[in-house]
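Read through the structure below, which is laid out as structure tokens, and then see the notes.
Each reported figure results from applying straightforward, stated rules to the coordinates on display, with no laboratory input. Keep in mind the model is a prediction, meaning the values are calculated, not measured. Positions of Cβ are backbone-derived with ideal geometry, glycine not excepted, and every protein chain shown enters the neighbour counts.
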Amino acid sequence: MNRECILMMADDDPDDREFVREAFEESGFRGEFRYVDDGAALLDYLALARDSGRRGAHPIPDLILLDLNMPRIDGHEALKRIKSDERLRRIPIVVLSTTESQTDVERTYDEGVNSFITKPASFAELVEMAKRLKIYWLELVKLPGETAAR
């Protein structure tokens, strides 16, 4: 990885955010982990990022982990707004939710999500999920805007 990757998590549960951060740390992720507590804060952050690109206090994230059930603006609405914005729609978004509802899965794919994962039950499973996400999204695939291998 030639540059530091930025991982953004939108989740209103501080414990979930901390567990996911720790799981990514344990998985070997050495990038920057940022978080917001709801969809409104995510959209505010991304509006600033959209205008500053990869520089400044609000760099565009390489990957967004998105909870569905959040106050103010939920994950569905945030997802729709991000995917309808020409300058943000290419950011990969992975829904990370406690729901196992097939309706939610289908709806989020219709809204443009890149992946849907049900939150693992144990910390060990969370670390394994983080390892796989890190390898796939931040090491294996080529993301928009990259000019050289990470």
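Quick look at the numbers
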{"read-out": "Tabulated pairs, region 25-52, first without any contact (Cβ under 8 Å) to a residue 12 or more places away in the chain, second part of a strand (DSSP E or B) and surrounded by 14 or more Cβ atoms within 10 Å (Cβ to Cβ), C-beta under 9 angstrom, 6+ apart or interchain", "value": "E25/F33; D44/V36"}
{"read-out": "Residue match in region 115-127 (condition: of a type in the set (A, V, I, L, M), out of contact with any His (no Cβ under 9 Å at 6 or more places or on another chain), closer than 21 Å to D38 by Cβ and in contact (Cβ under 8 Å) with a residue 24 or more places away in the chain)", "value": "no"}
{"read-out": "Count - residues of region 114-133 that are surrounded by 15 or more Cβ atoms within 10 Å (Cβ to Cβ) and among the aromatic types (F, W, Y)", "value": "1"}
